[in-house]
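Take a look at the structure below.
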Amino acid sequence: MGPYRKSRLKSLILVMSAITTLSGCATSVSFQSADRRTTVDGILFKPDGAGPFPGVVLLHCCGGIRPHFVQWAGAIRNMGYVALLVDSFRPRGISGICASSQTMASMTTDRAADAYGALRHLKDLPFVDGDRVALMGWSHGGWTTLEAMASRHYRSSPDQFRAAIAFYPYCRDALTEPFRAPLLVLIGGSDDWTPAKKCEDMQARLRRVNPDAQSLRVQVYQGAHHDFDDVAAKNCCGHTLRYKRDAAKDAEDQVRLFPAEHMKGAEREGAR
């Protein structure tokens, strides 16, 4: 068995261990991607009680599901959300795409469809408030989060996210239209894989197009690198991945506050 397969097997064992630890609130689910071409897998984390609860769709990085994302899903569940961690790779027979920038670019379309399929799945659950669902992703999942929130293909969809958070995404120059819901980018100032400056430039472009638009906020953590919120971060593909405790703690606070703030309107609407 080669070193990559050994590493992948070890990661899968750790993921299963993390899921087992949270087994009282985690179940496996499957649903159709919004493009109807793929049946996607996911892990659903539900708070105790009947609900209805707000929800969060979670998108993993270019390396697939890691224990880090399972732990985040458990934390979000403890904040009172139904968390759906989407596995975009295993149903497609993919182990990872980190080494291919071309594949990463093309996969954002498929994974955006997965995100909207996950949203539809949550809206069909009786214990989820379908009008209060946020989207959240890391690295390639963060890149996909930006694409999903800007995609014209889903602009007229009746299923919409109320807010979104992207951890250290790649911010493309081509993204110039306002996002359809408030979006928060959390990124390290020393990130050498997805530079923070590109996200700050994207924010400046959007404000030039529409000075009144407040759809994007970029939070830069000075001295932080890619994967700053993962205690098990390891360098990848020639890039520095490193945990930074103060940035991780503030990011957790942002995740607790940002979706709740922007879903208050939907909660009031539902009460009428």
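Structure notes:
- The stretch between T27 and T240, if pulled fully straight at 0.36 nm per residue, gains 73.3 nm over its current Cα-Cα span.
- Rounded to the nearest 500, the 222 nm mean residue ellipticity of the chain from helices alone is -12500 deg cm²/dmol, with -39,500 (n - 2.57) taken per DSSP H run of at least 4 residues.
- Rounded to the nearest 20 debye, dipole of segment 138-272 from Cβ charges on Lys, Arg, Asp, Glu: 280
- Between the beta carbons of Q254 and T109, assuming R0 = 30 Å, the FRET efficiency works out to 0.65 to the nearest 0.05.
- Computed log₁₀ I(q)/I(0) - Debye formula, equal Cα scatterers, no solvent, segment 25-71, q 0.28 Å⁻¹: -1.22
- Seen through its C-alpha gyration tensor, with square-root eigenvalues sorted a ≥ b ≥ c, segment 122-241 comes out oblate because a/c lies at 1.5 or above while a/b is not bigger than b/c.
- The fraction of accessible area contributed by carbon and sulfur in segment 60-208 is 48 percent, rounded to a whole number (1.4 Å probe; ligands and nucleic acids excluded).
- Each residue of the chain gets 125 Å³ once the volume of the Cα convex hull is shared out per residue.
- Shape class for segment 187-263: oblate, because the ratio a/c of the largest to smallest gyration tensor axis (alpha-carbon atoms, square roots of eigenvalues) is 1.5 or more and b/c is at least a/b.
- For segment 36-177, the dipole from Cβ point charges (+1 on Lys and Arg, -1 on Asp and Glu) about the Cα centre works out to 140 debye, to the nearest 20.
- For R217, net neighbour charge (Lys/Arg +1, Asp/Glu -1) across residues whose Cβ lies under 13 Å away: -1
- To the nearest 10, the accessible area of L257 is 110 Å² with a 1.4 Å probe.
The values are calculated or read from the model by the stated rules, or taken from the named source; none is laboratory data. All values reported here derive from a predicted model rather than from experimental measurement. Cβ: placed from backbone, ideal geometry, glycine included. Neighbour counts: every protein chain shown. With ligands, DNA and RNA removed, areas are computed over all heavy atoms of the protein, side chains included. Shrake-Rupley method; radii C 1.70, N 1.55, O 1.52, S 1.80 Å.
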